[in-house]
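Let me begin by presenting the structure, written as structure tokens, before commenting on it.
The values are calculated or read from the model by the stated rules, or taken from the named source; none is laboratory data. In this text the structure is predicted, and so the values were computed from the model without any measurement. In this analysis, Cβ positions are derived from the backbone assuming ideal geometry, glycine residues included, and neighbour counts consider all displayed protein chains. To get the accessible areas, we keep the full protein, side chains included, count just its heavy atoms, and leave off ligands, DNA and RNA. Shrake-Rupley method; radii C 1.70, N 1.55, O 1.52, S 1.80 Å.
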Amino acid sequence: MQIYDFLTDATVVFFIANTLYVISYMVTSMLWLRILAIIAAVSTFPYFYLQVEPLWSALFWQSCFLAVNLVNLLVLLYSRRQARFDEHEQLAYDLKFSELKPYEARPIFKLAEKRLLDPGQLLLRDREKNETLYLILQGQCRVMKNNREVALLGPGQFIGELSFLSSEAVSADVVAAGQVVLMCWQRQGLLPLFKRHGLYQSYFYGLCSLDVAGKLRAMTSVSPA
């Protein structure tokens, strides 16, 4: 009888609610944290209400916690809605950003511009400053040093990443080898995103570093022994 009374007591619900709170703070997923916190908040209502005198202040604050988590859950779900990419954004995502979830790539593409190059058009000039990072979506670009081709870049490769990372002058000319489609980002345009979400800055710089390392390996493999 005593066990039955305990199981039907509102304190059991309160115990379960607090257990859910503990679990919500242990999970790494923000989505599940919000969901568990909402369930936990709702579960405390019977306990606070079914006292000899309802604990109105506790009910008020639990309602506040519930509202905060519910709003944040809706914002999170809205931000994770299915991304709708245009043709160029989808190509960029497949070539370079597929490690991100579509909703994570959306802020990056909102800050991007598209650019078309005609055959033989100069994109970057040796020893000039550059504040733009370019990603080749279609076509190829020649990297020229002292009127000699030192590299041929294709889809999925960055252009200008060294000057973009270091703020130093460009070290070679870059010329379109044919019709080229580019996606580009201005440094100043990306700074607000980097300040709000530092992980984007780390991600961009990591991609650029990998791109540089790949180019260096390719150049070394074709260099004469």
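Compared with the alpha-carbon gap, the fully stretched path from TYR78 to ALA177 is longer by 31.4 nm at 0.36 nm per residue.
What is the gain in length, in nm to one decimal, between GLN121 and MET30 on full extension, counting 0.36 nm per residue of separation less the C-alpha to C-alpha distance? The partial results should precede the final answer.
Numbers: separation 91, 0.36 × 91 = 32.76 nm, distance 4.70 nm.
So the chain would gain 28.1 nm between GLN121 and MET30.
Probe radius 1.4 Å, ligands and nucleic acids ignored: give me the carbon and sulfur share of the accessible area of the chain as a rounded percent. The partial results should precede the final answer.
Details: 8520 of 13960 Å².
Using a 1.4 Å probe with all protein chains present, the chain comes out at 61 percent carbon and sulfur.
Helix screen, the chain: DSSP H segments with Cα axial length of 20 Å or more and mean Kyte-Doolittle hydropathy at least -0.5 are 10-26, 30-49, 56-79, 198-222. In a DSSP loop and with at most 12 other Cβ atoms within 10 Å, there are no chymotrypsin sites (Phe, Trp or Tyr not before Pro) in the stretch 28-99.
Per residue, what accessible area does the chain have, given a 1.4 Å probe and all protein chains present, in Å²?
Numbers: 13960 Å² over 225 residues.
Averaged over the residues of the chain, the accessible area is 62 Å².
So what is the orientation-averaged projected area of the stretch 92-211, using the convex hull of its C-alpha atoms, in nm²?
On the way: hull surface 27.5 nm².
With the hull built on Cα positions only, its mean projection is 6.9 nm².
Under a 5 Å amide H cut-off, with hydrogens placed 1.01 Å from N, GLN157 pairs with ILE136 among residues at least 5 apart or on other chains.
A Cβ-based charge dipole, computed about the Cα centre of the chain with Lys and Arg at +1 and Asp and Glu at -1, lands at about 580 debye. In summary, the convex hull built on the alpha carbon positions of the stretch 57-140 has an orientation-averaged projected area of 9.0 nm².
Using R₀ = 41 Å, calculate the FRET efficiency as 1/(1 + (r/R₀)^6) where r is the Cβ-Cβ separation of PHE194 and VAL150; round to 0.05. Provide the component values of the computation, followed by the final result.
Numbers: r = 31 Å, r/R0 = 0.75.
After rounding to 0.05, the efficiency reads 0.85.
Computed over the chain, the per-residue total of -39500 (n - 2.57) for DSSP H runs of n ≥ 4 gives a 222 nm mean residue ellipticity of -18000 deg cm²/dmol, rounded to 500. Here the Kirkwood formula, the inverse mean of 1/r across different C-alpha pairs, assigns the stretch 108-149 a hydrodynamic radius of 12.4 Å.
The lysines whose alpha-carbon is closer than 23 Å to the alpha-carbon of LYS96, local same-chain residues fewer than 8 away aside, are LYS110, LYS114, LYS195, LYS215. With the Kirkwood sum run over all distinct C-alpha pairs, the stretch 30-100 has a hydrodynamic radius of 15.0 Å.
Quick one: plug the Kirkwood hydrodynamic radius of the chain (C-alpha pairs) into Stokes-Einstein at 25 °C, 0.890 mPa s, and report D in µm²/s.
The Stokes-Einstein estimate is 113 µm²/s.
Note on the stretch 146-216: Cα Rg divided by 2.2 N^0.38 Å, N the number of residues, gives 1.22.
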